[in-house]
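K.L.:
Shown below is the structure under consideration.
Read-outs throughout are calculated quantities, based only on the coordinates presented, and are distinct from any laboratory measurement. Treat the numbers as computed from the prediction; the structure is a model and nothing was measured. Cβ: placed from backbone, ideal geometry, glycine included. Neighbour counts: every protein chain shown.
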Amino acid sequence: MFEGGLYPYWIFIFLMMTGLYVVISRDNLIKKIIGLNIFQVSVIMFYIAMGKVHGGTAPIEAAGITVYSNPLPHVLMLTAIVVGVATSAVALSLVVRINEAYGTIEEDELREIEREEDAE
Amino acid sequence: MSGELVERVTTNLPALQIALPLLTAAVCMVIRRARAAWALAMVVAWTSFASAGAILAWVWRHGDISYAEGGWQAPFGIELHIDLLNALVLLVVTGICAIVLTASPKSFDQEIWREHHAKVYALYLLCMTGLAGMTVTGDAFNVFVFLEISSLSSYALISQGTTRRALTSSIQYLVMGTLGGTFILLGIGMIYMVTGTLNMADMAVQLGAVGPNRTVLVALACIGIGIAIKLALFPLHIWLPNAYTYAPAIVTAFLAATSTKVAYYLLVRFIFSIFGAPLAFGALRLDAVLMPLAIAAMFAGSFVAIFQDNLKRMLAYSSVAQIGYMVLGLSLVSVSGLTGGLVHLFNHALMKSGLFLVMAAVLLRTGSVRIEAMAGLGRRMPWTMAAFVVAGLSMIGVPLTVGFVSKWYLVMGAIQAGLWPVAVLILLSSLLALIYIWRVIEVAYFREPPEDAPEVTEAPISLLGPIWVLAGATVFFGIFTSLSVGTASAAARMLLGVGQ
């Protein structure tokens, strides 16, 4: 544990709520995706903080070292990072297509266009 | 000697459920030819279905199958673990995948450019990989990985719809789905923090020793919210109607019958196998949250469905209601309640994919999914509309159909729990289903088509065959219930720790 107590977890919660707030409050789709990324990264930080053992080194066997950090959560996050990248890629390509089809990526304008479409 | 061979083959089948569609998806991307990709996907899907049948038969006779991926033994390695519960879900998922795929070529011809077919089949197989993977795995982190594989491919599949609305629906689902997936990841991390393991069976043992502390309860809440989003449990369902309405018809039939079902399986697995009913319903009172939401879903979904002019959208809202029935069964925390929920998973997959395939056939022949445009179809597409009537009756819960069987167990579960009002509400909400199904039947059978209506012929046999397999199954399993109810009730007993 760090001297500062639980502060990595405070940072994680702060980032997570920031991400969630951006997803909910922003109308611009790119900003929404950035919020989604912040949200995902916060959980990655949570795993990293969880695997860190105070005073531990990288988990490579060497003479004279007895305390290692837990490598498993760190390895898991490699997969989560890949998932995050893939999600961003799919999301951004959808945004490109939306921009081509509607001429805007502002959600309130998209909603307005769709409402007019429904009214017809 | 041959018995030994059968054992060696069968216990290795779970790995094949993941490896086969995953590798074939890559091959589909390479071969590029629409019909060749379809033929290849067909071979894979039907092989998966056959091996899921073999797995279920094996589990019934010999007990659980455990497969250590890469030879690394659990709890350290990744384990694929199959018991009666996921063997049943696997059979449903692969079966629907195979049947819907069989019906796909004509409908895809209409809605998607030929050049893109091979890629769409690759996505379809990837989605199938994710769904089968979530079902067979015994490792919690693996669940997240496969969840994202199936989710990402389904976002791409939904965006293939013909109108530009498919794009906005897809990104709406992507945002919601990613939030859900990340919540599940967070919950799994918290359990790992407490137990130090990712193996589901080992987690359950360790959590039993730890007892209900704050971290465990927050983990359950995070996982519950995450799965509820993927499951489209009211009021977290807002992505579902748009995604189902604007996706290509075949994709809708596929996703409606499989992806929410696997999410329901995950909810059952996490609550009953990992956290345990005492913790989920004693320490956290999850039933007090889930039951009102389930009942609200049953009524809100059916009620909104009544006022839809679009057949696809109507069926999508009906799905929201049917998910309510499944969750209601779970929240009763009794053998008959949970049996009802699991049987409804099986039954709803059959009837909803059947109804959506009927919708695909109507769209193929008339070019519209508006209920108004279906006037007179009862005479012009008699076989297609007859299948709609059969599956629709099942949706209402008429005896001799599967819908009746699942409602019977749900009502029994409610009465056994002493919740008479809930039993009455189940019956009342079925009446709402009667109204929205009747609206379609009335237009199709009792309204004359307008003078200038285009000439409409019966659906092609490639669509009609799968439709009638599903419609026939809703009747068959409504009479011979040993497969669905037998497996579901044995699984429910196992999950609740009650003897035979």
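K.L.:
Can you go through B:THR182, B:THR178, B:THR252 and tell me which one is among the hydroxyl-bearing types (Ser, Thr, Tyr), surrounded by 24 or more Cβ atoms within 10 Å (Cβ to Cβ) and without any contact (Cβ under 8 Å) to a residue 40 or more places away in the chain? Can you show your working first?
P.N.:
On the way: B:THR182 fails: without any contact (Cβ under 8 Å) to a residue 40 or more places away in the chain; B:THR252 fails: without any contact (Cβ under 8 Å) to a residue 40 or more places away in the chain.
Of the residues listed, the single one that is among the hydroxyl-bearing types (Ser, Thr, Tyr), surrounded by 24 or more Cβ atoms within 10 Å (Cβ to Cβ) and without any contact (Cβ under 8 Å) to a residue 40 or more places away in the chain is B:THR178.
K.L.:
Right, something else. Give B:THR94, B:THR102 a once-over and let me know the one that is more than 14 Å from chain A (Cβ to nearest Cβ), closer than 30 Å to B:ARG8 by Cβ and among the polar types (S, T, N, Q). Steps first, please.
P.N.:
Values: B:THR102 fails: closer than 30 Å to B:ARG8 by Cβ.
None of the other options fit; the residue is B:THR94.
K.L.:
Still on this structure: When segment B:138-152 is examined, which residues are found to be polar (S, T, N, Q) and more than 9 Å from every other protein chain (Cβ to nearest Cβ)?
P.N.:
B:ASN142, B:SER150
K.L.:
So, one more: How about segment B:165-246: which helices (runs of 4 or more DSSP H) wholly inside it have at least 2 residues that are within 14 Å of B:PHE270 (Cα to Cα) and out of contact with any Pro (no Cβ under 6 Å at 6 or more places or on another chain)?
P.N.:
On the way: elements: B:165-195, B:200-210, B:214-231, B:239-246.
Because the criterion is at least 2 residues that are within 14 Å of B:PHE270 (Cα to Cα) and out of contact with any Pro (no Cβ under 6 Å at 6 or more places or on another chain), the helices (runs of 4 or more DSSP H) in segment B:165-246 that meet it are B:165-195, B:200-210, B:214-231.
K.L.:
Report yes if B:LEU174 is at the interface with chain A (Cβ under 10 Å from one of its Cβ atoms) and either within 30 Å of B:SER51 (Cα to Cα) or basic (Lys, Arg) (or both), otherwise no.
P.N.:
Working: at the interface with chain A (Cβ under 10 Å from one of its Cβ atoms): yes; either within 30 Å of B:SER51 (Cα to Cα) or basic (Lys, Arg) (or both): no.
No; evaluated as a whole, the condition is false for this residue.
K.L.:
Inspect all residues belonging to segment B:32-43 and state whether any of them is more than 24 Å from B:LEU342 (Cα to Cα), touching a strand residue (DSSP E or B) at 6+ places or on another chain (Cβ under 8 Å) and either of a type in the set (Val, Ile, Thr) or surrounded by 14 or more Cβ atoms within 10 Å (Cβ to Cβ) (or both). Walk me through it before giving the result.
P.N.:
Just the residues of segment B:32-43 that are more than 24 Å from B:LEU342 (Cα to Cα), to begin with: B:32-43.
Still in the running and touching a strand residue (DSSP E or B) at 6+ places or on another chain (Cβ under 8 Å): none.
The answer is no; no qualifying residue exists.
K.L.:
Moving on. Residues of segment A:53-92 being within 18 Å of the chain's Cα centre (by Cα), among the polar types (S, T, N, Q) and more than 8 Å from chain B (Cβ to nearest Cβ), which ones?
P.N.:
A:SER88
K.L.:
To continue, here is another question. In segment B:153-165, which residue that is buried (at least 24 other Cβ atoms within 10 Å of the Cβ) and more than 9 Å from every other protein chain (Cβ to nearest Cβ) is nearest to the chain's Cα centre (by Cα)?
P.N.:
Top of the filtered list is B:SER154.
K.L.:
If the requirement is being over 23 Å from B:THR197 (Cβ atoms), within 10 Å of chain B (Cβ to nearest Cβ), surrounded by fewer than 19 Cβ atoms within 10 Å (Cβ to Cβ) and of a type in the set (D, E, K, R), which of these qualifies: A:ARG111, A:ARG115?
P.N.:
Numbers: A:ARG115 fails: within 10 Å of chain B (Cβ to nearest Cβ).
Residue meeting the stated conditions: A:ARG111.
K.L.:
Could you please find all residues in segment B:177-213 being touching a Lys or Arg at 6+ places or on another chain (Cβ under 9 Å) and either over 25 Å from B:ALA68 (Cβ atoms) or away from every other protein chain (no Cβ under 11 Å) (or both)? Quick ask: steps written out before the conclusion?
P.N.:
Filtering segment B:177-213 down to residues touching a Lys or Arg at 6+ places or on another chain (Cβ under 9 Å) leaves B:177, B:180-181, B:184, B:200.
The answer is B:GLY177, B:GLY180, B:GLY181, B:MET200.
K.L.:
Kindly indicate whether B:ASP83 is of a type in the set (D, E, K, R), buried (at least 23 other Cβ atoms within 10 Å of the Cβ), in contact (Cβ under 8 Å) with a residue 24 or more places away in the chain and out of contact with any His (no Cβ under 7 Å at 6 or more places or on another chain). Spell out the reasoning first.
P.N.:
Numbers: of a type in the set (D, E, K, R): yes; buried (at least 23 other Cβ atoms within 10 Å of the Cβ): no; in contact (Cβ under 8 Å) with a residue 24 or more places away in the chain: yes; out of contact with any His (no Cβ under 7 Å at 6 or more places or on another chain): yes.
For B:ASP83, the condition - of a type in the set (D, E, K, R), buried (at least 23 other Cβ atoms within 10 Å of the Cβ), in contact (Cβ under 8 Å) with a residue 24 or more places away in the chain and out of contact with any His (no Cβ under 7 Å at 6 or more places or on another chain) - is not met.
K.L.:
Testing A:LEU29 on (1) under 30 Å from B:LEU147 (Cβ atoms); (2) of a type outside the set (Asp, Glu); (3) free of Cβ contacts under 8 Å to residues at least 60 places away in the same chain, one condition comes back false. Which one is that?
P.N.:
Of everything listed in (1) under 30 Å from B:LEU147 (Cβ atoms); (2) of a type outside the set (Asp, Glu); (3) free of Cβ contacts under 8 Å to residues at least 60 places away in the same chain, A:LEU29 misses just condition (3).
K.L.:
What's the total number of residues in segment B:44-61 that are in contact (Cβ under 8 Å) with a residue 60 or more places away in the chain, buried (at least 18 other Cβ atoms within 10 Å of the Cβ) and over 24 Å from B:VAL27 (Cβ atoms)?
P.N.:
Counting residues in segment B:44-61 that are in contact (Cβ under 8 Å) with a residue 60 or more places away in the chain, buried (at least 18 other Cβ atoms within 10 Å of the Cβ) and over 24 Å from B:VAL27 (Cβ atoms) gives 1.
K.L.:
So the check is Cβ under 7 Å with 6+ separation or different chains; which pairs have a first residue in segment B:191-202 that's on the phi < 0 side of the Ramachandran plot and a second one that's surrounded by 22 or more Cβ atoms within 10 Å (Cβ to Cβ) and among the acidic types (Asp, Glu)?
P.N.:
Going by the 7 Å Cβ cut-off, the qualifying pairs are B:LEU198/B:ASP139; B:ASN199/B:GLU79; B:ASN199/B:ASP139; B:MET200/B:ASP139.
K.L.:
I need the full set of residues from segment A:94-108 which are more than 8 Å from every other protein chain (Cβ to nearest Cβ) and surrounded by 13 or more Cβ atoms within 10 Å (Cβ to Cβ), in order please.
P.N.:
Taking segment A:94-108 and keeping what is more than 8 Å from every other protein chain (Cβ to nearest Cβ), we get A:96, A:99-100, A:103-108.
Of everything in segment A:94-108, those that are more than 8 Å from every other protein chain (Cβ to nearest Cβ) and surrounded by 13 or more Cβ atoms within 10 Å (Cβ to Cβ) turn out to be A:ASN99, A:THR104, A:ILE105, A:GLU106, A:GLU107.
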